[in-house]
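Structure record follows, encoded as structure tokens.
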Amino acid sequence: MSDENDKRPEWAPKEGGEGFTSKVMAGVEGGHDGMPGQKARASRRPIVKRKRLGIDDYERGILSGDRTILGRAITLVESNAPAHAEMAQELLKRLLPRAGESVRVGITGVPGVGKSTFIEALGVHLINRGHRVAVLAVDPSSSVTRGSILGDKTRMAELSRREEAFIRPSPTGGDLGGVTRKSRETIVLCEAFGYDVVLIETVGVGQSETTVRSMVDFFMLLMLAGAGDELQGIKKGVIELADALVINKADGENERAARIARNEYTRALHYLAPATAGWQTRAHTCSALTKTGIGEVWRVVERFCERGRGGGVFEGRRRKQVLDWTLAMAEQHVRDRFYRTDAVKGLLDIVRGEVARGETTAAVGARRLLDAFYDALSKS
Ligand code: GDP
């Protein structure tokens, strides 16, 4: 932050710190950007092109703890360019033996429940206990809304200032399948880098909770006490995915209501199948704002890991996740290929119409599409 070119105005308070925004940049000699004279043009700093990194640079950078390189490696795995994909896969292959050592925790909840406040409080708590924390976000809607509301550094100001934390917003540009791949690969990079806790934030948008559940060890649902919240945000299906329900904002006047809600949920949870075999999901309370109960929530995660590791549940889940992922990618690939095939595209509307009017049965319609697909495949 203390760039030598930054000049603090003399009226700025000395104790203003870096948060004090009034800094002025050193001017460009000989004119300003709007009206560049000859001299200004000559004195402009050359545009520094970022050095292109080779695979060894990425690997070395990550293993030696260079956060800039980690950021660029994530950009590489997030790229949709085929040339980048090859290099990204090679890098991941090299780093895979170094990954897998973290605890992966998914955190979901409706907007406003306090996810980012909670992640900030939990992240700082963990760092103070010697952990290194990566925060990622999975937000498939961000490609529509252009700009994620999750994993936003400005919403986690304290955590983002810590050396031991790394915060990365959701990858954009793509369907849930694309976002899932990118997020899973980013976890590998972060683990190889040395982050031993990976927090993955998501918001209840369609399938995103299920997706995040499929990439984490422990899944946590943040909730609010009080009428209406149960109805608006908390779908039974999501509760069934959770290893812990955490009722946030248990502070001030809300504390009593939060305790009552916790007891009610704990009772209700006895009637649901647990998300993880051998683990009874329970409800807890905390206040992300006052940081009360954060340590207790983390102890729940630790207990879960101790038990899961001992009984092999933990490893079993990870093995199943990676196998499911492998097959999901293969299926996705076949599906994409099917819908991209010209012969299928040409036939799709015709078959749709015939089936809708009852002129063709579903089985015959499907057969025609598949014949067209296999025919095109055999010619390609
Ligand atoms: P998100 O949309 O789920 O990420 O929620 P935020 O973390 O942005 O929080 C939404 C609002 O709730 C903010 O105004 C927070 O200050 C507030 N908030 C978050 N956690 C708590 C809490 O534990 N207690 C209280 N009283 N307010 C909180």
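With R₀ fixed at 35 Å, the C-beta to C-beta distance from ARG50 to GLN332 puts the FRET efficiency at about 0.65. Close amide-amide hydrogen proximity is noted between THR292 and SER287, each under 5 Å apart and 5 or more residues distant or on a separate chain (H modeled in the peptide plane; Pro and chain starts excluded). The local environment of THR281, defined by Cβ-Cβ distances under 9 Å, has a net charge of -1 under the rule Lys, Arg +1 and Asp, Glu -1. Each label was represented as a point 7 Å from its Cα along the Cα-to-Cβ direction; for ARG256 and THR210 these points are 4.1 nm apart. Amide H contacts of ASP217 (H built 1.01 Å from N, in plane; Pro and chain starts excluded): ARG104, VAL105, GLY106 sit under 5 Å, all sequence-distant by 5 or more or on other chains. When the C-alpha to C-alpha distance is required to be over 29 Å, the pairs from LYS93/LYS320; LYS320/LYS379; LYS115/LYS182; LYS93/LYS115; LYS182/LYS379 that qualify are LYS320/LYS379; LYS93/LYS115; LYS182/LYS379.
Report the calculated FRET efficiency for GLU264 and ARG357 (r = Cβ-Cβ distance, R0 = 45 Å), to the nearest 0.05.
Approximately 0.30, to the nearest 0.05.
Kindly identify the stretch 99-311 as rounded, prolate or oblate by the Cα gyration tensor criterion: order the square roots of the eigenvalues as a ≥ b ≥ c, call it rounded if a/c is under 1.5, otherwise compare a/b with b/c, prolate if a/b is larger, else oblate.
On the way: a/c = 1.33, a/b = 1.27, b/c = 1.04.
It comes out rounded by the Cα gyration axes.
Here, each number is a calculation from the coordinates, and none is a lab measurement. Bear in mind the structure is a predicted one, so any value in this text is a computation, not a measurement. For neighbour counting, all protein chains shown are included, and Cβ atoms are generated from backbone atoms with ideal geometry for every residue, glycine included.
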